[in-house]
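In what follows, a single structure is set out as structure tokens and then discussed.
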Ligand SMILES: Cc1cc2nc3c(=O)[nH]c(=O)nc-3n(C[C@H](O)[C@H](O)[C@H](O)COP(=O)(O)OP(=O)(O)OC[C@H]3O[C@@H](n4cnc5c(N)ncnc54)[C@H](O)[C@@H]3O)c2cc1C
């Protein structure tokens, strides 16, 4: 059982995702397993987690932790309920045994085609391997699980783009050099691809003697490129998220409507690029 849950699950709107999971669970294609916990089970798991032994990091491994990659044990130490508002959030779930909302929910996501391996969603961790097995076995349903792969935190290396790059990922001091991908401080697959695309288009344009292409700030591609290129003493990797887009001129409470409008605005801005 691999433990490197996908941190991106924590970042995408959890509630929307849960709706999606519940839909999936109702269909034949269920690729998630929910492990509901009652209060007592959660508290036992919590106590074991916060007192478990972690790996001693080498000096070069120590760094500020990207919020989206927060190890589960560090998140837990922020407060007893923190996990219940994060990766173990029970909103949207009903425990079929009690017909009530569970106290917390751990989710397993299918990891191989045969459905024999699952990973724990949102469980980045620095716990020692033996501790991972011991602590995670306290999760209801996992007492007899076989652990085939353990979680390991990864290091994210990036340059200080906020000083070095412009919003086309071009080195300010040498316009013949571009950077793309996570080395620039974008975080994630699509984000890395988007930076590569901006670079690719701009390199071609430059070779053809054309103007540089700057994506509008109100598109996600442009917002990310601008975040990267904006001076920031506390520069940290950034993933695509609605928070980096400029606000709409109006206050909209319903997130779906708001995000829809932000997307429409971005498409309009893209269509306006010549
Ligand atoms: C464990 C883990 C889980 C992740 N999960 C997700 C996820 O679920 N969703 C998501 O969006 N993102 C995830 N990410 C982040 C994502 O993998 C990266 O953001 C993305 O792959 C970065 O793309 P990149 O092209 O910049 O770099 P990479 O994908 O790292 O590509 C760099 C390439 O350069 C090669 N290379 C390095 N040095 C040299 C050299 N000197 N010469 C030649 N080649 C070289 C490397 O071998 C590699 O192939 C995860 C990352 C990790 C480590």
Determine, yes or no, whether residue 122 is modelled with pLDDT under 95 and either farther than 29 Å from residue 228 by Cβ or assigned to a helix (DSSP H, G or I) (or both).
no
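Let's see how each residue does on (1) more than 16 Å from the ligand (Cβ to nearest atom); (2) closer than 30 Å to residue 70 by Cα:
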site: 162; (1), (2): yes, yes
site: 206; (1), (2): yes, no
site: 231; (1), (2): yes, yes
site: 241; (1), (2): no, yes
site: 247; (1), (2): yes, yes
site: 255; (1), (2): yes, yes
site: 261; (1), (2): yes, no
site: 270; (1), (2): yes, no
Any chance region 118-132 includes a residue that's in the same structural domain as residue 39 (by TED's automatic domain parsing), out of contact with any strand residue (DSSP E or B) (no Cβ under 8 Å at 6 or more places or on another chain) and surrounded by fewer than 17 Cβ atoms within 10 Å (Cβ to Cβ)?
yes
Test residue 151 against the stated conditions and say whether it is on the phi < 0 side of the Ramachandran plot, within 8 Å of the ligand (Cβ to nearest atom), surrounded by 13 or more Cβ atoms within 10 Å (Cβ to Cβ) and not assigned by TED's automatic domain parsing to the domain that holds residue 117.
no
Taking region 175-204 as the search range and keeping residues that are in a loop (DSSP other than H, G, I, E, B) and in contact with a helix residue (DSSP H, G or I) (Cβ under 6 Å, 6 or more places away or on another chain), which one is farthest from the ligand (Cβ to nearest atom)?
185
Can you confirm whether residue 162 is touching a strand residue (DSSP E or B) at 6+ places or on another chain (Cβ under 7 Å) and part of a helix (DSSP H, G or I)?
no
With respect to residue 156, determine if the residue is part of a loop (DSSP other than H, G, I, E, B), within 16 Å of the ligand (Cβ to nearest atom) and either modelled with pLDDT under 95 or within 30 Å of residue 220 (Cα to Cα) (or both).
yes
Given the criteria farther than 28 Å from residue 222 by Cβ, touching a strand residue (DSSP E or B) at 6+ places or on another chain (Cβ under 8 Å) and away from the ligand (no atom under 11 Å from the Cβ), does residue 136 qualify?
yes
Tell me which of these residue 274 doesn't satisfy, since it passes every other one: (1) within 20 Å of the chain's Cα centre (by Cα); (2) without any contact (Cβ under 8 Å) to a residue 24 or more places away in the chain; (3) in a loop (DSSP other than H, G, I, E, B).
(1)
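The values are calculated or read from the model by the stated rules, or taken from the named source; none is laboratory data. These numbers were taken from a predicted model, which means no experiment stands behind them. Please note: Cβ atoms are built from the backbone with ideal geometry, for glycine as well, and neighbour counts cover all protein chains shown.
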